[in-house]
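Please treat every number below as a calculation from the coordinates, not as lab data. In this text, all values refer to a predicted model and were calculated from it rather than measured experimentally. We place every Cβ from the backbone using ideal geometry, glycine too, and count neighbours over all the protein chains shown.
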Amino acid sequence: MNIKGTDNFVRGRFQEDISEITANFTSSIDIDKKLAAFDIGGSIAHLCALERAGIVDNKEKKDIERALLKIKGEIESGKFVFNKKYEDIHMNIEKRLIELVPESGAKLHTGRSRNDQVSVDFRLYIKNEIKNIAGVLLDLEAELVKIAKSNIDTVIPGYTHFQHAQPVSLSHHVSAYYEMFLRDFKRLLNVYETVDVMTLGSGALAGVDFDIDRQMEADILGFGSISRNSMDAVSDRDFAIEFNFALSMIAMHLSRFCEELIIWNSSEFNFIELKDEFTTGSSIMPQKKNPDILELIRGKTGGIISNLLSLLIMMKALPLTYNRDMQEDKKPVMESADTIYDSLSIFKEIIKTVKFNKENMAKGLEDDFIYATDLATYLVKKGIPFRKSHEMTGRIVSYAENAGKKLSELSLKEYKETADVIEGDILDIFNPKTSLSSKKTVGGTAFKEVERVVKKYEREIVDNKKSVRAL
Ligand code: ARG
């Protein structure tokens, strides 16, 4: 059979070829070439369905498959020539396929549209990214647990409103981030389910005319389910938006942690020391050891959140079904996925090597107003209702402040002036160990409780690693 065609095979109905300015403006190849391996995988699954439907015979199937794998090799080795004229990765690959196996290659796009093709490629890409990001997230979690495990009895000032509030275990503080990243991990697994839907067979919007075995395609590609509405399938980008939301949450948590470490690294706090290799010098001030990486991770968060907004805004006014606006979906997703992967990877290394200056942390507790809540509790234990004890403690704090004394420096006589129930054992409360040990609730900072929870984390990580492997 002699198939006549123009150089650009989707332009049969046009008299003129695409202009350079149009090609440059409409092409997405610079970005979506990252989908190449998934596009080829999707095409091979589709090819199997075409054979089963009797559209290609076994020889044609083998020829096409061989050619697709050859193209894959060309792309991987950098030999493949991408051409903006063929718009995107799908057509660049198909163009080359038809060059390699003209007659059979021209059959591959039967029963398929780029609309369902791009959806499946993008889903495969995101599934893969989720696996990678979830993996590095767990590696970071493992580092946090190591720190938590070895710092149960390191006590630091805990803050609210960025003011000394109550003493807490360093483990408890670090474990708070473990909890945030654990929610992020679970969120990623939830998103995975949303993404894990096979949309090939939806065609342009209406489904396809041939007997395409969609379940077979899903099985080959490893999808958990197949879409139920072809119109929704080709115009749905919820999965990409949800993924970017999950990434935004990770970015926000990372950014908070970075902010905290930047503060802890300041000369005012001096709670931590960052390894030289993760800091930079100043071009003018020789003494500087700047936490630039932490600042950059914090800085990149803005871009990631903007990418989520870009996607939402891109979609918000699109009528069913596919609209070309949707081509703009890849850049924000790919950019955010790369940034989060890189941020987590480098942050994990920083955390692994950070040194805690425990002496300076302990110094933070010398300001013993941090025990004011423990003083109020002491009064409650002596039978005074809390609201009253709070007020009495307030008066004691104010008295001490005016007298220029620390709470632990007040005499028993001075204490008794406000509350005669106070006895000599009052001095026991100005002690981090006493303060922490008495926080008895589940999820509190008592040493034993922190230890119990950290042990759970260790088991959790092993289980979660298994879940990632099973994806
Ligand atoms: N490059 C396009 C995209 O990423 C592929 C789908 C093109 N479909 C179309 N009807 N023009 O969205």
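Miscellaneous remarks
- Value at 222 nm in deg cm²/dmol, rounded to 500, when DSSP H runs of n ≥ 4 in the chain each add -39,500 (n - 2.57): -20000 deg cm²/dmol
- Only the Cβ atoms of Lys and Arg (+1) and of Asp and Glu (-1) were treated as charged; on that basis the dipole of the chain about its Cα centre amounts to roughly 700 debye.
- If you wrap the Cα atoms of segment 81-181 in a convex hull and average its projected area over all directions, you get 11.7 nm².
- Kirkwood Rh (inverse of mean 1/r, distinct Cα pairs), segment 372-422, angstrom: 10.7 Å
- Taking the Cα atoms of the chain, the ratio Rg/Rh between the radius of gyration and the Kirkwood radius comes to 1.15.
- Total charge dipole magnitude, segment 171-227, about the Cα centre, Cβ charges on Lys, Arg, Asp, Glu only, Debye to nearest 20: 420 debye
- Overall, segment 141-283 carries a charge dipole of about 440 debye about its Cα centre when +1 sits on the Cβ of Lys and Arg and -1 on the Cβ of Asp and Glu, all other atoms neutral.
- Kirkwood analysis of the Cα pair distances in segment 334-417 returns a hydrodynamic radius of 16.4 Å.
- Theoretical FRET efficiency, 1/(1+(r/R0)^6), r = Cβ-Cβ of PHE210 and LYS62, R0 25 Å, to 0.05: 0.80
- Kyte-Doolittle at least -0.5, axis length at least 18 Å by Cα - qualifying DSSP helices, the chain: 36-52, 114-150, 170-195, 238-265, 292-315, 330-353
- Divide the volume of the convex hull around the Cα atoms of segment 296-348 by the residue count and you get 64 Å³ per residue.
- Note on ASN290 and THR373: with the Förster distance fixed at 45 Å, the Cβ-Cβ geometry gives a FRET efficiency of about 0.80.
- Ordering TYR399, TYR371, TYR378 from the fewest to the most neighbouring beta carbons within 10 Å gives TYR399, TYR378, TYR371.
- Each eigenvalue of the Cα gyration tensor of segment 1-156, multiplied by 5 and square-rooted, gives one semi-axis; in descending order these are 42, 20, 13 Å.
- Average Cα contact separation per residue, segment 251-375, under 8 Å, 6 or more apart, as relative contact order %: 32 percent
- Low-density loop cleavage sites - GluC sites (Glu not before Pro) in segment 345-413, where at most 15 other Cβ are within 10 Å (DSSP): GLU366
- A straight chain from GLU458 to LEU471 at 0.36 nm per residue would run longer than the Cα-Cα distance by 2.6 nm.
- When every Cα-Cα distance of segment 246-332 is counted in 5 angstrom steps from zero, the calculated P(r) takes the values 3, 13, 17, 16, 12, 10, 8, 7, 6, 5, 3, 1 percent.
- Kirkwood-based shape ratio for segment 145-201, expressed as Rg/Rh from alpha carbons: 1.31
- Most positive-pole-ward Cα, SER235, GLY303, LEU320, against dipole of segment 219-321 from beta carbon charges: LEU320
- Dipole of segment 20-157, positive direction: furthest Cα of ALA142, TYR86, PRO102, with charges on the beta-carbon: PRO102
- Relative contact order [Cα under 8 Å, 6+ residues apart], the chain, whole percent: 16 percent
- Rg/Rh (Cα only; Kirkwood hydrodynamic radius) as it applies to segment 361-471: 1.20
- Listed from fewest to most Cβ neighbours within 10 Å, the set GLU179, GLU87 follows the order GLU179, GLU87.
- In nm, spacing of pseudo-spin labels at SER398 and LYS33 (7 Å Cα→C-beta vector): 7.2 nm
- Among ASP219, ASP196, sorting on how many other beta-carbon atoms sit within 10 Å of each Cβ, with the fewest leading, yields ASP219, ASP196.
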